[in-house]
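The values are calculated or read from the model by the stated rules, or taken from the named source; none is laboratory data. Bear in mind the structure is a predicted one, so any value in this text is a computation, not a measurement. No Cβ is skipped: glycine too gets one built from the backbone with ideal geometry, and neighbour counts run over all protein chains shown.
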Amino acid sequence: MKKHWPLVALVLVLAIVSFYLIRSEKEVAPEPEVVDQAPGEGLLLKDIRFTQENPDEKLKWILDAKEVTFSEDRSSIVFRDFKLRMEPEDKPSFDLKGDKGDYAKDSGKMNLRGNLVGVSERGYRIYANHMLINDKSGHLSTDDRVKIFGPFFSVIGKGLFVDLGGERFKIMSDVTTTIKRESLVR
């Protein structure tokens, strides 16, 4: 019997490893749930990941949403309770979450609405109620009130234009800026 202990131990280790591998696959990417829709309403999916990666576009993005509805011709999508990761070409990424949005494939425009919170890879945070992203040009904009907080300053104002590829932004009006004292050179 002592002769078989190494074999028994090996089988036990393989069983444990297999259990955790199977379990981790289930946790990584849940299968989207297809929900019946009335004819003419398109396709409704729950818990889905959608990736837009086109070499002609300046912006790659990954959308995770609790609910996504595709139009019948697949030219537009509407999504709810989402997390969006934007990756401009050769620039830091930007994560954004919010309540709802829609994307028109032909125009490359994504309208995002409701409790939007964005975080850049460099530590900047942005808060707004509406944003429009044009993935063909790599721009983000809004006419609504925005708040931006960074490591050295905060800016509150109305209207915003961001060049995601150039890492520049512009607040359009009613701007209040606060610079943190420690960031000033003495």
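Before moving on, here are some points about what is shown:
- Restricting region 128-148 to residues that are closer than 20 Å to Ile62 by Cα and of a type outside the set (A, V, I, L, M, F, W, C), the residue that is surrounded by the most Cβ atoms within 10 Å (Cβ to Cβ): Asp135
- Among the criteria (1) of a type in the set (Asp, Glu); (2) assigned to a loop (DSSP other than H, G, I, E, B); (3) modelled with pLDDT of 85 or more, the one Asp64 does not fulfil is (2).
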